[in-house]
Amino acid sequence: MEKKKKRLVIRTIILAVLVLAIGYTVYGTATKDKVELLAVGSKAPDFTLVDLNGEKHKLSDYKGQGVFLNFWGTWCKPCEKEMPAMDRQYKAFKDQGVQTLAVNIAQTDFEVQNFVDRYELTFPVVIDKTKSVMTAYNVGNLPATLLIDPDGKVAKIVTGEMTEAKIASYMELVKPK
C-alpha cells in the first residue's frame, strides 16, 4: 500500500511539472513580441556597426548605392569558401556603385582580423557584437546575404554558399541604373 501512495505522489509531481512546462511554453509563445519577417521589397533596417579600423558604417549612408550585405563567421566553411570570390567581385563593382559589407556574428576582433588578413580581404568587415543586426535581419544559418537596392529596399535574400558567378549576378542586380 505504501508503494502505491509513493508512486501516486511521484506521478502527480511529474504531471504537475509537465503541465507547468506546457503552460509556460504556450504563454511565452502567445506573448512574445512579433518579429516582422524581412522579405523582398521590405525596407532594409538601418544599423551602425564599427569595422576593424574603428570606422562606423551606417547602412543609410549607402543610400543611392547597391549593398551586398553578407552575414558570416570565421568558423563557417561555406563563408570561408565564398569570401575570396566576394572580394574579387567587390573590386569589380565598387566603382559601379555597389558596396560590400561583411557582418561578422559576434566574434572577437582578433579572430576576425586574422581571417581578414589570411584572405587579404579589402571590403569593409564589421562585427555585430550584440547580434542585434543579425536579429533585425532575421538571420539564422550562415552564410546569409541580403541584396539591398539603391532605394534601401531588400532586392534578394540568399542563404548558403554562393559561386562567384552568382555573386556577380547579385551585384549586377543591385547596381544603380
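With respect to Q107, determine if the residue is free of Cβ contacts under 8 Å to residues at least 60 places away in the same chain, touching a Gly at 6+ places or on another chain (Cβ under 9 Å) and not small (G, A, S). Don't jump to the end; show me each part of the working.
Working: free of Cβ contacts under 8 Å to residues at least 60 places away in the same chain: yes; touching a Gly at 6+ places or on another chain (Cβ under 9 Å): yes; not small (G, A, S): yes.
Yes.
C79 passes all but one of (1) over 24 Å from Q113 (Cα atoms); (2) assigned to a helix (DSSP H, G or I); which number fails?
Among (1) over 24 Å from Q113 (Cα atoms); (2) assigned to a helix (DSSP H, G or I), the lone unmet condition for C79 is (1).
Every number in this text was worked out from the coordinates using simple rules, so none of it is lab data. Computed from a predicted structure; not experimentally measured. All Cβ positions, even for glycine, are placed from backbone atoms using ideal geometry, and neighbour counts span all protein chains on display.
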